[in-house]
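Below: the structure, in structure tokens.
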């Protein structure tokens with residue numbers, strides 16, 4: 001007789017997620033509907049003030065900024081990651097390249113951000129090279145603006161785009177590309193209509209893995225950003241500490257979570273229907289072929 | 001399984017029951033990061049046979065949140081003035097019995113009379129005071145303005161930082177316009193906002209964490225902030241090129257204070273520690289280390305290092321007070337500054 005061990009297998013992860021995901025999120029949702037304590041904390045009295053406070057041009061503007069940074073960074077990351085992972089997967093030294101992608105994780109995230117300051121700072125390596133070679137005669141302000149935030153975001157999360165794409169592309173049957181070429185497709189046509197649809201799952205994962213952390217970014221805009229690169233994460237931190245408005249911090253967190261979840265759901269839905277329609281197309285073609 | 005648990009319990013009992021010899025009394029201190037030189041704390045422990053547990057926080061808000069959320073059994077805490085008044089209102093503080101702090105008499109009475117967050121120091125004993133000013137790299141900055149208006153000079157655009165702190169920055173702007181740093185007047189704050197928006201065009205960022213390092217690295221030439229954050233990053237030779245000044249109009253002053261929590265378990269030791277800190281020799285050593293002005297009158301004679309500024313330099317400045325409900329007004333203005341172009 002075969003016993004069903006399923007519940008046992010999922011018990012640890014269920015407990016973990018309940019403790020460290022469901023409960024904290026529930027607290028955030030709960031707090032967002034409470035009244036703020038004058039010195040921080042919350043008063044247990046229902047109120048929609050925190051949501052009313054969201055109707056505010058500042059928060060709207062910062063939400064737009066956050067979307068811009070996250071979307072732009074994600075698009076660039078994924079479009080860099082696809083060719084990179086393709087190259088890695090086809091290379092003889094794939095394990096070596098994989099190691100290279102992973103090596104940055106051996107150093108703490110914050111230290112890597114500070115390293116960018118040493119590279120791009122006014123007195124940084126890059127400015128010094130440009131100055132000493134006479135290409136420029138005054139420093140260029142690379143850091144402390146939104147572009148710098150996007151650059152460092154891309155640097156930080158690029159591995160999260162490469163790794164899932166690599167593992168998908170590695171399983172791809174490359175002879176399909178040869179077949180496409182044999183049948184007269186150009187190199188690009190073969191990539192676009194054979195490779196890309198087949199690695200759709202990897203692309204989805206890569207987009208999610210990069211967009212979500214980029215959207216919730218806090219440390220990068222805090223350290224690398226300038227006077228106009230605040231993101232939602234920074235506003236949440238401020239409301240929680242400096243202004244002691246915990247319900248507002250919670251309601252902004254909820255907005256962040258809702259936007260992220262909606263984005264993910266829409267993206268996955270769009271993706272699935274695209275895959276299904278592609279599959280449907282193929283089946284139709286096969287059926288038509290069989291009839292003929 | 002049961003046997004294993006019993007064994008574990010027995011082991012635990014052995015370790016905790018017999019692990020340590022005669023117990024030293026313990027004092028639990030919760031203070032700002034690097035705010036007392038280590039050896040001063042060690043010496044207290046040695047002199048009175050006390051084991052001192054020393055935890056650190058980096059902002060009043062962090063400290064307050066931890067204590068409020070049920071935290072941690074501390075005896076002695078070092079909140080700033082505005083948080084002293086909050087903690088008094090919340091009934092978190094033990095009233096200070098001055099007869100147990102004989103060295104309280106060493107404190108500067110002019111300073112004490114200005115402490116409106118706890119009039120008469122009923123719940124708090126001042127520890128250290130200071131103010132944010134402007135540090136400039138003398139090799140790079142030619143402007144001789146010694147007012148907040150130096151921040152309007154666009155020649156140094158991209159080399160200037162302001163604190164990421166609405167009280168400090170709006171306080172400076174309010175002072176520039178001749179208003180109080182504790183102003184609760186919407187029209188005054190609105191004008192202060194315009195001043196800050198002008199400064200914002202010249203600065204690279206609002207920063208309270210890394211400006212000292214950036215200044216030391218030559219990245220920034222003019223930074224708004226606490227002198228010790230800048231000077232502790234520089235060696236003696238590099239310090240010669242730096243001038244720290246408090247702008248003529250004055251600005252917000254902070255006072256950090258020692259308070260005993262109502263639920264403290266070691267109140268006697270806490271009193272002992274407060275009194276120890278205000279021994280002139282001990283206090284002089286602390287202020288020498290941070291180069292801050294001494295609020296302890298006899299300690300001034302024992303100081304061997306010139307502080308970055310004297311109490312007299314703070315004549316035009318004002319102590320920060322808790323804004324209560326009006327913090328929302330500051331917050332709104334600050335948010336508008338954050339996204340304003």
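Couple of notes before you dig in:
- When residues in region B:38-73 are screened for being closer than 25 Å to residue B:319 by Cβ and more than 14 Å from chain A (Cβ to nearest Cβ), 1 of them pass.
- Residue tally, condition modelled with pLDDT of 90 or more and either crowded, with 19+ Cβ neighbours inside 10 Å or away from chain B (no Cβ under 14 Å) (or both), over region A:132-148: 7
- Conditions (1) in a loop (DSSP other than H, G, I, E, B); (2) within 14 Å of chain A (Cβ to nearest Cβ); (3) closer than 15 Å to residue B:319 by Cβ: number failed by residue B:139: (3)
- Qualifying residue in region A:18-25 (condition: touching a residue at least 24 places away in the same chain (Cβ under 8 Å) and surrounded by 10 or more Cβ atoms within 10 Å (Cβ to Cβ)): yes
- Taken over region A:104-120, the criterion of being out of contact with any helix residue (DSSP H, G or I) (no Cβ under 7 Å at 6 or more places or on another chain) and without any contact (Cβ under 8 Å) to a residue 40 or more places away in the chain is satisfied by A:106, A:107, A:108, A:111, A:115.
- Residue match in region A:149-162 (condition: modelled with pLDDT of 95 or more and within 12 Å of chain B (Cβ to nearest Cβ)): yes
- For region A:70-90, the count of residues that are within 22 Å of the chain's Cα centre (by Cα) and within 14 Å of another protein chain (Cβ to nearest Cβ) is zero.
Residue-wise test of (1) in contact (Cβ under 8 Å) with a residue 24 or more places away in the chain; (2) surrounded by fewer than 20 Cβ atoms within 10 Å (Cβ to Cβ); (3) under 26 Å from residue B:299 (Cβ atoms).
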residue: B:48; (1), (2), (3): yes, yes, yes
residue: B:61; (1), (2), (3): no, yes, no
residue: B:65; (1), (2), (3): no, yes, no
residue: B:87; (1), (2), (3): yes, no, no
residue: B:99; (1), (2), (3): no, yes, yes
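- Filtered residues of region B:308-341 (kept if under 29 Å from residue B:242 (Cα atoms) and out of contact with any strand residue (DSSP E or B) (no Cβ under 9 Å at 6 or more places or on another chain)): B:310, B:312, B:315, B:316
- Only residues that are surrounded by 14 or more Cβ atoms within 10 Å (Cβ to Cβ) and away from every other protein chain (no Cβ under 11 Å) were counted across region A:50-62, and they come to 3.
- The helices (runs of 4 or more DSSP H) falling completely within region B:233-341 that include 2 or more residues that are more than 14 Å from chain A (Cβ to nearest Cβ) and within 26 Å of residue B:64 (Cβ to Cβ) map to B:267-277, B:280-290.
- Test for residue B:208: is it assigned to a loop (DSSP other than H, G, I, E, B) and within 12 Å of chain A (Cβ to nearest Cβ): yes
- Residue match in region B:158-171 (condition: within 11 Å of chain A (Cβ to nearest Cβ), out of contact with any strand residue (DSSP E or B) (no Cβ under 7 Å at 6 or more places or on another chain) and closer than 16 Å to residue A:123 by Cβ): no
- Yes/no for residue A:10 being modelled with pLDDT of 95 or more, more than 13 Å from chain B (Cβ to nearest Cβ) and closer than 30 Å to residue A:164 by Cβ: no
- A count restricted to region B:185-201 and to residues that are within 13 Å of chain A (Cβ to nearest Cβ) and either within 27 Å of the chain's Cα centre (by Cα) or buried (at least 19 other Cβ atoms within 10 Å of the Cβ) (or both) stands at 5.
- Of all the listed residues (A:196, A:232, A:208, A:240), the sole one being within 14 Å of chain B (Cβ to nearest Cβ) and under 21 Å from the mean Cα position of the chain (by Cα) is A:232.
- Condition check for residue A:217: away from every other protein chain (no Cβ under 14 Å), part of a loop (DSSP other than H, G, I, E, B), surrounded by 21 or more Cβ atoms within 10 Å (Cβ to Cβ) and touching a helix residue (DSSP H, G or I) at 6+ places or on another chain (Cβ under 9 Å): yes
- Subset tally (residues that are farther than 17 Å from residue A:156 by Cα and assigned to a helix (DSSP H, G or I)) for region A:69-96: 9
- Across region B:142-157, the number of residues qualifying as part of a loop (DSSP other than H, G, I, E, B), farther than 23 Å from residue B:316 by Cα and touching a strand residue (DSSP E or B) at 6+ places or on another chain (Cβ under 7 Å) comes to 0.
The values are calculated or read from the model by the stated rules, or taken from the named source; none is laboratory data. Owing to the predicted nature of the structure, the values given are computational and were not obtained by experimental measurement. Reconstructed Cβ throughout: ideal geometry from the backbone, glycine too, with neighbour counts over all protein chains shown.
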